[in-house]
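Just below is one structure, and these are the notes that go with it.
Read the figures in this text as sums done on the coordinates, not as results from a lab. All figures in this text were calculated on a predicted structure; none of them were measured in a lab. Cβ sites come from the backbone with ideal geometry, for glycine too, and all protein chains shown count toward neighbours.
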């Protein structure tokens, strides 16, 4: 069996819109791959092509060019989709059904036998906090409850690959925590996760790898630790200048690479590259400044995201995706 | 892929179609259009009782027979048009489709399931109205004869065909237009035999004006002749309806139904579900 669960090669989707059938490219030249047990975050601002790509992955939309493989098969092959658990963005279900009926319907589509379906339905509804509402029509459900039902039905087939489109949207803090815990649990069970999100800290927590889209293009892709380059680490320091006053400040700012961040009275906050910390501390001691705080600062995914998104917008066309892919693609 | 999931084979395919059909039937049971049409048909049947009071004594039962068949046909077809035209649109508008089609189900299975579910509902409607009609007939001194039951059965075949037409237009365009076009096919289909007569007549517009003749030929070629399923006159006059005719009508209805469902499928398969 293939170990590459999901593979996109040069995926492109062009829609024709309006009376004049104007061409709009929603996804251009997107490539990625996800192996067994890996988890990948799919990032991008609204309209960047995330949902269109996910719909191509699931056979809801036909690509204009390029290819999609699910478990090595075409996503239009139902056997390929049998191992996938999918949660659409803001999931909708027939509001006259109850959660149990939704799960039964899904179970029939997955071809589960009655015993397996019942056992898993009960366990999943309880796990997602819907046990008490299992036989209530969905009409009165909150968005968070629908989201949890969406997750429950996505796990009914015990999928090997979970594809979630914005799984945390619409959830309150407790709901978010529960879903994050569940996704971490899925990951620990060895399932592969592929999910889009606007909440970058969640992706940092849950993912091994990330693909960032903007304007339909991959602007960064690869393993998180490779993308968030540790060479770019800097350290932020807060000094009480004390008797040294202005002279101490000048001495500290004279350290190579040092940048003033904030100055409040006799306090100076500055940042230096990681390899200049020793020099900074020596300069501070010599100048009579008192160190109050020293914080290593890592480039966050959010900063990377903003930087890449802004860059591609500024350039229009960018080579970044290829650079990043070459640098860190797992 | 995963241990307990089996998706291939005809039995699994039928299971999925049945699941979609059952869900469609369950949904339709809650639809106000269904109950509205049912109530309207019952009122029309009751109205036929009042109307029959105006008829001559030996014509009372016949009037109820005639009016009953007409009422059931009209309102069941109206249900098929309204619900058929909305069949796919509602799934897309409510986005319920996006939680279903990524599962291991073919689009063809989904579409056939939706169609089967609606046909089952219309079967229930024809059955309920038939029972009601039977009661009215008994009330007026008549009875439900095999010939009347046959007429009702052929009407159901017509309704299934109209549902297939609605499904096709539902896959092609927006619901209002789909409803209008389906109703148009029904109306023209009911009188297509008149068009055939006009085309074969030696004189008249359809015989002499080339454009009209071409248009008439196209209509006759692309539209089903729905009068095939209307044996009310024969039944009411007590004429026998030959078995050969019934078999041919069933085959004719089935062929057109399969054609329209297949066309709907081609459109639905090609559609991007954005």
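Assign one of three labels to the range A:234-297, namely rounded, prolate or oblate, based on the Cα gyration tensor with a ≥ b ≥ c the square roots of its eigenvalues; rounded applies when a/c is under 1.5, prolate when it is not and a/b is larger than b/c, and oblate otherwise.
Values: a/c = 1.66, a/b = 1.36, b/c = 1.22.
The shape class here is prolate.
Per-residue mean of foreign Cβ neighbours for A:83-94 is 5 (Cβ atoms of other chains, 10 Å radius). Shape call for the range B:127-187 from the C-alpha gyration tensor, a ≥ b ≥ c root eigenvalues: rounded (a/c under 1.5), prolate (a/b greater than b/c) or oblate? Prolate, because a/c is 1.5 or more and a/b exceeds b/c. Here residue A:169 and residue A:205 are evaluated by their C-beta separation; at R0 = 22 Å the FRET efficiency comes out at 0.85. Each of B:270, A:269 was scored by other Cβ atoms within 10 Å of its Cβ. Arranged with the fewest first, they read B:270, A:269. In a fully extended conformation the segment linking residue B:131 and residue B:50 would gain 27.3 nm over its present Cα-Cα distance, using 0.36 nm per residue.
Taking 19 Å as the cut-off, the amide N atoms of the range B:81-108 that come nearer than this to a point 7 Å along the Cα-to-beta-carbon line of residue A:139 belong to B:90-91, B:94-96. Between residue B:214 and residue A:65, the FRET efficiency estimated from the beta carbon spacing at R0 = 35 angstrom works out to 0.25.
Placing a pseudo-label 7 Å from each Cα along the Cα-to-Cβ vector at residue B:93 and residue B:143 gives an inter-label distance of 4.8 nm.
For the range A:4-227, the relative contact order is 29 percent, taking Cα pairs closer than 8 Å that sit 6 or more residues apart in sequence and dividing their mean separation by the residue count.
Classify chain B: rounded, prolate or oblate, from the alpha-carbon gyration tensor (a ≥ b ≥ c, eigenvalue square roots; a/c under 1.5 rounded; otherwise prolate if a/b is larger than b/c)?
Details: a/c = 2.09, a/b = 1.35, b/c = 1.55.
In terms of gyration-tensor shape, oblate.
Counting partner chain Cβ atoms within 10 Å of every residue's Cβ in A:106-116, what's the average?
Details: counts 4, 3, 10, 16, 10, 15, 4, 2, 0, 1, 3.
Rounded to a whole number, the mean comes out at 6.
By the beta-carbon count within 10 Å of each Cβ, the least crowded to most crowded order of A:165, A:95, fewest first, is A:95, A:165. Each of B:255, A:258 has some number of other Cβ atoms within 10 Å of its Cβ, and from fewest to most they run B:255, A:258. Run the quick spin-label model on residue A:189 and residue A:126: label points 7 Å from Cα toward the beta carbon, then report their separation in nm to one decimal. The modelled label-to-label distance comes out at 1.5 nm.
Chain A: Rg/Rh from Cα coordinates, Kirkwood Rh?
Working: Rg = 24.7 Å, Rh = 22.5 Å.
Rg divided by Rh gives 1.10.
Taking Cα atoms only, the orientation of helix A:173-188 departs from the longest principal axis of chain A by about 80 degrees.
Each stretch of four or more DSSP H residues adds -39500 (n - 2.57); spread over every residue of the protein assembly as shown, this sum gives -18000 deg cm²/dmol at 222 nm.
Rounding to the nearest 10 and keeping the result within 0 to 90°, find how far the Cα-based axis of helix B:146-172 lies from the longest principal axis of chain B. So the inclination is approximately 40 degrees.
Between the beta carbons of residue A:263 and residue A:302, assuming R0 = 30 Å, the FRET efficiency works out to 0.70 to the nearest 0.05. Against chain A, whose longest principal axis is taken from its Cα atoms, helix A:99-110 shows a tilt of about 80°.
Could you work out the mean count of beta carbons from other protein chains within 10 Å of each residue's beta carbon in B:92-99?
Working: counts 0, 1, 4, 6, 7, 3, 12, 14.
That works out to 6 on average.
With a simple spin-label model that places each label point 7 Å from the Cα along the Cα-to-Cβ direction, the separation between residue A:290 and residue B:233 comes to 11.1 nm.
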